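Let me begin by presenting the structure, written as structure tokens, before commenting on it.
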Amino acid sequence: QVQLVESGGGLVQTGDSLRLSCTTSARTGRFYAAAWFRQAPGKERTFITAITWSSSSTTYVDSVKGRFTISRDNAKNTVYLQMNSLKPEDTAVYYCAAGLTSTGDMWPRSWDYWGQGTRVTVSS
């Protein structure tokens with residue numbers, strides 16, 4: 001069974017940085033892409049960014065462009081989300097996902113595998 005395990009969340013202040021990690025138990029060749037979603041309290045889970053395992057092609061939503069960077073290390077079966085200049089509105093549970101869909105697919109149901117989530121809280 002494929003597992004995705006996120007880590008790196010925490011409580012930070014506005015303007016701080018965090019790096020989230022997502023490690024998969026499966027070889028990355030099993031997936032076409034990996035993504036990060038987030039879910040704020042009382043809101044739906046929304047797409048943030050995605051990356052292909054092979055070419056590192058990326059997609060970002062406008063709200064995080066220039067502040068967040070997705071990257072991957074195939075040797076470690078790990079995807080990272082570097083988050084800079086954090087804002088209170090970035091407060092959410094962050095989930096990583098993997099699957100055979102494209103990096104531009106923002107529908108959660110399109111992604112086959114999910115981690116358990118890691119909480120990020122940004123205080124003002």
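The values are calculated or read from the model by the stated rules, or taken from the named source; none is laboratory data. From a predicted model like this one, the values you see are computed outputs, not experimental measurements. Note that we place each Cβ from the backbone using ideal geometry, even for glycine, and neighbour counts take in every protein chain shown. For accessibility, only protein heavy atoms count, side chains too; no ligands or nucleic acids. Shrake-Rupley method; radii C 1.70, N 1.55, O 1.52, S 1.80 Å.
For this structure, a couple of remarks:
- Tabulated pairs, the range 1-19, first acidic (D, E), second open to solvent by 50 Å² or more (accessible area, probe 1.4 Å), C-beta under 7 angstrom, 6+ apart or interchain: E6/Q116
- Within the range 75-89, the residues that satisfy the criterion of being within 20 Å of W114 (Cβ to Cβ) and either in contact with a helix residue (DSSP H, G or I) (Cβ under 8 Å, 6 or more places away or on another chain) or not in a helix (DSSP H, G or I) (or both) are N77, T78, V79, Y80, L81, M83.
- Residue within the range 46-63 that is part of a loop (DSSP other than H, G, I, E, B) and open to solvent by 60 Å² or more (accessible area, probe 1.4 Å) present: yes
- Condition met for A97 (touching a strand residue (DSSP E or B) at 6+ places or on another chain (Cβ under 7 Å), modelled with pLDDT under 95, open to solvent by less than 60 Å² (accessible area, probe 1.4 Å) and of a type in the set (A, V, I, L, M, F, W, C)): no
- Check on Y113, surrounded by fewer than 20 Cβ atoms within 10 Å (Cβ to Cβ), touching a residue at least 12 places away in the same chain (Cβ under 8 Å), more than 10 Å from the chain's Cα centre (by Cα) and closer than 19 Å to S7 by Cα: yes
- Residue match in the range 21-39 (condition: open to solvent by 70 Å² or more (accessible area, probe 1.4 Å), among the charged types (D, E, K, R) and under 21 Å from L100 (Cβ atoms)): yes
- Condition check for S102: at pLDDT 95 or above, open to solvent by 10 Å² or more (accessible area, probe 1.4 Å) and outside any helix (DSSP H, G or I): no
- Odd one out for R38, checked against (1) over 16 Å from L81 (Cβ atoms); (2) among the charged types (D, E, K, R); (3) at pLDDT 95 or above: (1)
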